[in-house]
Amino acid sequence: MTHPLQFEDDQWLTLRLPDDVPPDRLDKALAREVPVGVALSRSRLARMIVEGAVFRDGQAVTDLKSRPQPGDYLVRLDDPVDTETLAENIPLSVVWEDADLIVIDKPAGMVVHPAAGTPSGTLVNALLAHCGDTLSGVGGERRPGIVHRIDKDTTGLLVVAKSDRAHHGLARQFENHSVNRRYLAVVHGVPSAADPRLRGLKGVSFEDAGILKIVTGLARHKTDRQRQAVVWDGQGRHAVTRARVIAAFRGQAALMECWLETGRTHQIRVHLAHAGHGLVGDQTYGGKRKLSPAVLGVTAATRGNTFPRQALHAATLGFVHPVTGETLEFSSPMPGDMADLVAALAGPG
């Protein structure tokens, strides 16, 4: 048998569990022994155990709940298989790409991942065509690794893994909340630390320099499964959003920079709606609030009241390259429709 943690000619990997291995799940115990640089995540190990690709003493170990035993485990590493999702030749705005990851500036209207209602035309379909054979495989399949998402009608920056090693490293950074994600948003009203309503709202506070901080739980809405809702008392998933006003438009609207400590579904949209400052154009969380033609002028108010999507743009994305260790940060200019909206709101009226 080869030395632990070495690949063999026939693509077997030997993982040696120490004598003091904790009484934990087998996939977790083995994942701790995977060497740096080997593209083998815990979730993939779990699937391999169930599929009979992990052996001890010549016998396949297929029970994830079996108690890990000290000694050698052999892991059979198969080549990545092609995913069933179809590759589609859809134009992409590529900001950065190397062998392990790709950064995309996503347009409005594009769904990130195929689902029942959108089996095609998604970012994943486009990436399968764009990346082709450069995908080294994620989770045992030749597919891009989605580590975070932005909503269909939100524009801006998104990083996707092209290899298992990048997928694992990026996922860890998102879990640790160490990724720098900053958004530009146009909201109804102008949040202010001087607003007694806002200061008295549960989950809302202000930090130095008037930075708005919102801390709540987030969970699926009880009656509308397509929506998220603010919840309390330890329910849902912990969510923290910070935001600051960049420009105010006659008390009717504001351009804000928002940044995430956590990354939950619809987080910015739900949190700003909770604060009473929902996004302009947000048909799901924006409510029935309208911009006033008498204050802003007919042109600006009409542009805002007919804006066809939530006015939200993922403008900055920063992280550590999971393979090279290089610190990367990317920025995306405000898209044309939002820039036109802001220009109209800032106009003479």
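Throughout, read-outs are computed from the coordinates displayed, never taken from laboratory work. On a predicted model such as this, the values are computed, not experimentally measured, just so you know. Here the Cβ positions follow ideal geometry from the backbone for every residue, glycine too, while neighbour counts run over all protein chains shown.
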Lys, Arg +1 and Asp, Glu -1 on Cβ, resulting dipole of segment 180-329 about Cα centre, debye, nearest 20: 640 debye
Going by how many other Cβ atoms sit within 10 Å of their own, how do S332, S205 line up, fewest first? S205, S332
What is the fewest-to-most order of L77, L341, L328 by other Cβ atoms lying within 10 Å of their Cβ? L328, L77, L341
The relative contact order of segment 230-331, taking Cα pairs under 8 Å that sit 6 or more residues apart, comes to a percentage of 18 percent
Rounded to the nearest 10 degrees, the helix 336-346 long axis (Cα) sits at an angle to the longest Cα principal axis of the chain of 30 degrees
Treating the beta-carbon of each Lys and Arg as +1 and of each Asp and Glu as -1, no other charges, what is the dipole magnitude of the chain about its Cα centre, to the nearest 20 debye? 2120 debye
Extension gain, R227 back to E257 (0.36 nm per residue minus Cα-Cα distance, nm): 8.5 nm
Between D208 and L64, what is the spin-label point distance in nm, taking each point 7 Å from the Cα along the Cα→C-beta axis? 4.5 nm
Return the calculated 222 nm mean residue ellipticity for the chain, to the nearest 500 deg cm²/dmol, obtained by summing -39500 (n - 2.57) across DSSP H runs with n ≥ 4 and dividing by the residue count. -5500 deg cm²/dmol
Under 17 Å from the Cα of K28, which lysines turn up, not counting those fewer than eight places away in the same chain? K65
In whole percent, what relative contact order does segment 289-349 give with Cα contacts below 8 Å and a gap of six or more residues? 37 percent
Can you work out the Karplus-derived ³J(HN,Hα) for every residue in segment 62-68? Use 6.51 cos²θ - 1.76 cosθ + 1.60 with θ = phi - 60°, whole Hz, and x for glycine or proline. 10, 9, 4, 8, 5, 6, x
Over the chain, relative contact order from alpha-carbon pairs under 8 Å, at least 6 apart, %: 13 percent
Mind checking the full-extension length gain between I246 and T324? Use 0.36 nm per residue of separation minus the Cα-Cα distance, one decimal, nm. 24.6 nm
Signed unit charges on C-beta, dipole axis of segment 116-263, positive-most listed residue H130, L157, W232: W232
Quote to one decimal, in nm, the extra length available between L86 and A193 on full extension: 0.36 nm per residue of separation minus the C-alpha distance between them. 33.5 nm
